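Trainee: First the structure, then my questions, so here it is.
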Amino acid sequence: MDRRVVITGMGIYSCLGKTLEEVKDSLYHGKSGIIFDPLRKEMGFRSALTAHLEIPDLKKELSRSQRVYMPEQAKYAYCATADALRHAGIDQDYLNSHEVGILYGNDSSADPVVKSVDTMREKKDTTLVGSGAIFQSMNSTVTMNLACIFKLKGMNLTVSGACASGSHAIGLGAMLIRNGLQEMVICGGAQEVNPFSIGSFDGISAFSIREDAPEKASRPFDRDRDGLVPGGGAATVIIESYESAVRRGAPIIAEVLSYGFSSNGDHISVPNVDGPARSLEMALRLAGIDKREIGYINAHATSTPKGDANEAKAIYQVFGDNMPEVTSTKSQTGHEMWMAGASEIIYSTLMMKNDFIGANINFENPDEDSAKLNIPGKRIEKKFDTFLSNSFGFGGTNSTLIIRNL
């Protein structure tokens with residue numbers, strides 16, 4: 001089987017907004033979600049920069065017995081998923097009577113582990129850790145919580161693919177639908193924002209230290225970039241077969257044309273050019289389209305010197321002089337890590353549906369590699385109907401998705 005896969009719902013909990021409309025406006029106006037967090041300085045962080053998010057209060061929506069199993073990122077994911085289901089016109093009766101799956105990207109749950117270990121060391125009594133700790137601390141915490149809350153009966157799996165996790169989740173969900181194994185899959189990515197989750201990144205000097213101007217710190221592709229800024233939240237897309245969407249009269253937003261993937265087979269943290277290029281080429285080949293049909297590329301570019309340079313080389317190797325506009329929305333959000341591959345599909349789709357490409361903010365001076373790309377430093381009004389989104393991660397995992405407007 002080779003069924004068409006479409007997106008029928010989107011939901012997001014981001015530093016750019018908690019609704020699709022808020023996020024669209026932030027993208028349009030080039031708003032940054034990055035702040036200076038004094039607490040991180042007190043904790044000994046080299047960089048106190050982070051995306052700004054509030055942990056949602058779910059007391060009015062979920063019971064205490066449900067909330068006790070949910071760490072920070074599961075709460076973000078619940079909000080994003082509830083909104084995405086509403087957007088897709090799916091209620092609990094539908095979920096109860098159909099085998100709807102869930103594939104969600106998540107690759108850490110640090111805060112609950114730290115709190116549990118602190119309790120054990122201080123109290124010398126494991127019973128004081130609490131019944132929710134085991135479920136909060138597992139990588140699969142998001143899917144196990146959401147599958148139980150929404151009573152899902154289909155595929156139930158967490159995708160841990162570093163900073164490509166959210167993208168891989170959508171790609172794998174599309175494969176299940178395309179091959180007739182599922183009719184509908186809830187896909188997405190979630191990232192915790194607490195200091196414990198990214199302290200080790202700070203320890204290897206991965207973060208920007210441009211603390212005097214937080215909104216200017218994330219500078220993908222700019223010559224003067226000095227490191228990434230951590231972000232997070234959650235993003236959910238509802239994907240289903242075209243036949244399913246038509247059958248239920250769902251609003252069809254876009255089509256998932258293809259999913260490309262590869263492994264660098266190289267350094268554990270430094271990306272190369274060959275791996276990303278093969279992921280791009282695979283996505284284009286499977287989509288069955290000419291590269292000139294791509295109207296926009298949402299780059300992975302995180303604002304690190306080597307990573308941005310090698311992605312620019314890979315994009316140029318594949319597209320050459322047939323170069324569409326290329327931006328990294330991480331210039332506004334920072335690096336949303338396990339969430340990024342899903343949120344950037346939503347960011348790009350919002351721009352596609354509203355005929356604009358948001359600025360790659362803080363792009364002031366290209367370097368030798370980024371000068372070969374078509375990177376707009378200001379918002380441009382442009383109608384496009386097909387985009388490509390890159391997501392790469394530690395260990396050399398690469399994912400590329402191609403989405404078309406419908």
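The values are calculated or read from the model by the stated rules, or taken from the named source; none is laboratory data. None of these values were measured; they are calculated from a predicted model. Neighbour counts run over all protein chains shown; Cβ positions are idealised from the backbone, glycine included.
Trainee: Please determine whether any residue of the stretch 176-193 is closer than 25 Å to I55 by Cα and surrounded by fewer than 24 Cβ atoms within 10 Å (Cβ to Cβ).
Mentor: Taking every residue of the stretch 176-193 in turn, none turns out to be closer than 25 Å to I55 by Cα and surrounded by fewer than 24 Cβ atoms within 10 Å (Cβ to Cβ).
Trainee: Could you tell me which residue of the stretch 157-169 is surrounded by the most Cβ atoms within 10 Å (Cβ to Cβ), considering only residues that are aliphatic (A, V, I, L, M) and out of contact with any helix residue (DSSP H, G or I) (no Cβ under 6 Å at 6 or more places or on another chain)?
Mentor: Of the residues in the stretch 157-169, the ones aliphatic (A, V, I, L, M) are 157, 159, 162, 164, 169.
Filter once more, so that each one left must be out of contact with any helix residue (DSSP H, G or I) (no Cβ under 6 Å at 6 or more places or on another chain): 157, 169.
Details: L157: 17, A169: 33.
Among those residues, the one meeting the criterion is A169.
Trainee: Please find, among A301, A314, the residue that is part of a helix (DSSP H, G or I) and either touching a residue at least 60 places away in the same chain (Cβ under 8 Å) or not assigned by TED's automatic domain parsing to the domain that holds Q191 (or both).
Mentor: Values: A301 fails: part of a helix (DSSP H, G or I).
Every option except A314 fails the conditions.
Trainee: A further question follows. How many residues are under 18 Å from K330 (Cβ atoms) and free of Cβ contacts under 8 Å to residues at least 60 places away in the same chain when one looks only at the stretch 38-59? Don't jump to the end; show me each part of the working.
Mentor: Here is the first cut: in the stretch 38-59, the residues under 18 Å from K330 (Cβ atoms) are 47, 49-53.
Checking which are free of Cβ contacts under 8 Å to residues at least 60 places away in the same chain leaves us with 52.
Counting residues in the stretch 38-59 that are under 18 Å from K330 (Cβ atoms) and free of Cβ contacts under 8 Å to residues at least 60 places away in the same chain gives 1.
Trainee: Another question about this same structure. Being over 20 Å from the mean Cα position of the chain (by Cα) and in a helix (DSSP H, G or I) is the filter; apply it to the stretch 44-85 and report the residue that is surrounded by the fewest Cβ atoms within 10 Å (Cβ to Cβ). Spell out the reasoning first.
Mentor: Start the filter on the stretch 44-85 by keeping residues that are over 20 Å from the mean Cα position of the chain (by Cα), which leaves 44-48, 57-69.
Now restrict to residues that are in a helix (DSSP H, G or I): 64-67.
Numbers: R64: 7, S65: 9, Q66: 15, R67: 18.
Top of the filtered list is R64.
Trainee: Residues in the stretch 352-361: is at least one without any contact (Cβ under 8 Å) to a residue 40 or more places away in the chain, surrounded by fewer than 24 Cβ atoms within 10 Å (Cβ to Cβ) and farther than 30 Å from Y242 by Cβ?
Mentor: So in the stretch 352-361, the residues without any contact (Cβ under 8 Å) to a residue 40 or more places away in the chain come out as 355.
Checking the rest, the ones that are also surrounded by fewer than 24 Cβ atoms within 10 Å (Cβ to Cβ) come to 355.
In the following step, the residues that additionally are farther than 30 Å from Y242 by Cβ were identified as none.
Checked against the condition, which is being without any contact (Cβ under 8 Å) to a residue 40 or more places away in the chain, surrounded by fewer than 24 Cβ atoms within 10 Å (Cβ to Cβ) and farther than 30 Å from Y242 by Cβ, the stretch 352-361 yields no hits at all.
Trainee: Does the stretch 95-108 contain any residue that is surrounded by 13 or more Cβ atoms within 10 Å (Cβ to Cβ), farther than 27 Å from Q182 by Cα and among the hydrophobic types (A, V, I, L, M, F, W, C)?
Mentor: no
Trainee: Would you mind stating whether L103 is within 22 Å of I186 (Cβ to Cβ), at pLDDT 95 or above, in contact with a helix residue (DSSP H, G or I) (Cβ under 8 Å, 6 or more places away or on another chain) and not assigned by TED's automatic domain parsing to the domain that holds N354? Working first, answer last.
Mentor: On the way: within 22 Å of I186 (Cβ to Cβ): yes; at pLDDT 95 or above: yes; in contact with a helix residue (DSSP H, G or I) (Cβ under 8 Å, 6 or more places away or on another chain): yes; not assigned by TED's automatic domain parsing to the domain that holds N354: yes.
Yes: the conditions hold for L103.
Trainee: Name the one entry in F356, F387, F363 that is within 19 Å of H168 (Cα to Cα), at pLDDT 95 or above and hydrophobic (A, V, I, L, M, F, W, C).
Mentor: Working: F356 fails: within 19 Å of H168 (Cα to Cα); F363 fails: within 19 Å of H168 (Cα to Cα).
Of F356, F387, F363, the one residue that is within 19 Å of H168 (Cα to Cα), at pLDDT 95 or above and hydrophobic (A, V, I, L, M, F, W, C) is F387.
Trainee: Counting only residues that are within 19 Å of G395 (Cα to Cα) and touching a helix residue (DSSP H, G or I) at 6+ places or on another chain (Cβ under 8 Å), which one in the stretch 275-292 is surrounded by the most Cβ atoms within 10 Å (Cβ to Cβ)?
Mentor: P276
Trainee: Restricting to the stretch 315-331, name every residue that is surrounded by fewer than 19 Cβ atoms within 10 Å (Cβ to Cβ) and of a type in the set (A, V, I, L, M).
Mentor: M323
Trainee: Can we say K115 is touching a Pro at 6+ places or on another chain (Cβ under 6 Å) and either assigned to a helix (DSSP H, G or I) or free of Cβ contacts under 8 Å to residues at least 40 places away in the same chain (or both)? I'd like the intermediate steps shown before the answer.
Mentor: Values: touching a Pro at 6+ places or on another chain (Cβ under 6 Å): no; either assigned to a helix (DSSP H, G or I) or free of Cβ contacts under 8 Å to residues at least 40 places away in the same chain (or both): yes.
For K115, the condition - touching a Pro at 6+ places or on another chain (Cβ under 6 Å) and either assigned to a helix (DSSP H, G or I) or free of Cβ contacts under 8 Å to residues at least 40 places away in the same chain (or both) - is not met.
Trainee: Still on this structure, please answer the following. If you take the residues in the stretch 392-406 that are at pLDDT 95 or above and closer than 20 Å to I289 by Cα, which one is surrounded by the fewest Cβ atoms within 10 Å (Cβ to Cβ)? Walk me through how you get there before you give the answer.
Mentor: If we filter the stretch 392-406 for residues that are at pLDDT 95 or above, which is where we start, we get 392-405.
Now drop any that are not closer than 20 Å to I289 by Cα, which leaves 399-405.
Working: S399: 31, T400: 31, L401: 30, I402: 23, I403: 27, R404: 19, N405: 16.
Step by step, filter the stretch 392-406, then rank; the result is N405.
Trainee: Picking from S131, S165, S137, S116, which residue would you name as being closer than 14 Å to W338 by Cβ, out of contact with any Cys (no Cβ under 8 Å at 6 or more places or on another chain) and small (G, A, S)? Talk me through it step by step, then tell me what you get.
Mentor: On the way: S131 fails: closer than 14 Å to W338 by Cβ; S137 fails: closer than 14 Å to W338 by Cβ; S116 fails: closer than 14 Å to W338 by Cβ.
Only one candidate passes the filter, namely S165.
Trainee: Identify, from the list I402, I346, I361, the residue that is within 24 Å of G233 (Cα to Cα) and in a helix (DSSP H, G or I). Write out each step before concluding.
Mentor: Working: I402 fails: in a helix (DSSP H, G or I); I361 fails: in a helix (DSSP H, G or I).
One residue alone meets the criteria, I346.
Trainee: Continuing with the same structure: Within the stretch 251-261, work out how many residues are in contact with a Gly (Cβ under 9 Å, 6 or more places away or on another chain) and surrounded by 21 or more Cβ atoms within 10 Å (Cβ to Cβ).
Mentor: The first filter runs over the stretch 251-261 and keeps only residues in contact with a Gly (Cβ under 9 Å, 6 or more places away or on another chain), leaving 251, 253, 256-261.
When the remaining residues are screened for being surrounded by 21 or more Cβ atoms within 10 Å (Cβ to Cβ), the result is 253, 256-261.
Of the residues in that region, 7 qualify.
Trainee: Restricting to the stretch 317-337, count the residues that are under 17 Å from G33 (Cβ atoms) and assigned to a helix (DSSP H, G or I). Give the steps one after another, and end with the answer.
Mentor: Narrowing the stretch 317-337 to residues under 17 Å from G33 (Cβ atoms): 327-337.
Adding the requirement that they be assigned to a helix (DSSP H, G or I) leaves 330-333, 337.
Matching residues across the stretch 317-337 total 5.
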